[in-house]
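Written below as structure tokens is the structure these notes are about.
Taken together, the values in this text are just the output of simple stated rules run on the coordinates, not laboratory data. Since we're looking at a predicted model, the values are computed, not measured. Note that each Cβ is placed from the backbone with ideal geometry, even for glycine, and that neighbours are counted across all protein chains shown.
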Amino acid sequence: MKELLQGRRLGFALRPAFGQVAFGLGLAAVLVDLAAWFAWGTRETNAFVWAAYWLFGGVAILGLLAVLCSLAELRDVPGDERSLARIDLAVLALAAVAATISMALRSGELGAAGASPAPLLIGILSLVTVGAALVTGGDLYAAREWELIDEGHAREPHSRKGAHTR
């Protein structure tokens, strides 16, 4: 399970990908909220309220998946980067909690014309914290060199026999 969360089987780290998609969903949710607040393009904004509700649900789910990936990576992070990995984990957890709180507050007002100020501001907090997690996690995990999965023995690269040297 750890190898799956770290992305070793896929060849790339899952944590930055989850963070980037969560940021995109959060940005879309905040823009939909602003469209509902200012009634851009329509008189009926109820669909905007529902869309923002589900978009923040996606941010919460992807944030929790990114937290799980960060927890799986935390043990393997080199010592000099461990404090940055802990900050990344804390910021991601804050983003997931903020998105969940925003979604919970919105659940009582799905028939309203727009979100009240509290869920809107908490949603913006979620977007900002996911953005901060992009900065910390992007450098920390995306450029990481992927070592081979240890399957009981180390494999040496095969040398080409009969290769001509000049």
Rounded, prolate or oblate: pick one for segment 2-141, where a ≥ b ≥ c are the square roots of the eigenvalues of its C-alpha gyration tensor, a/c under 1.5 means rounded, and failing that, prolate if a/b is larger than b/c, else oblate.
prolate
Taking 129, 100 and counting other beta carbon atoms within 10 angstrom, the fewest-first order is 100, 129
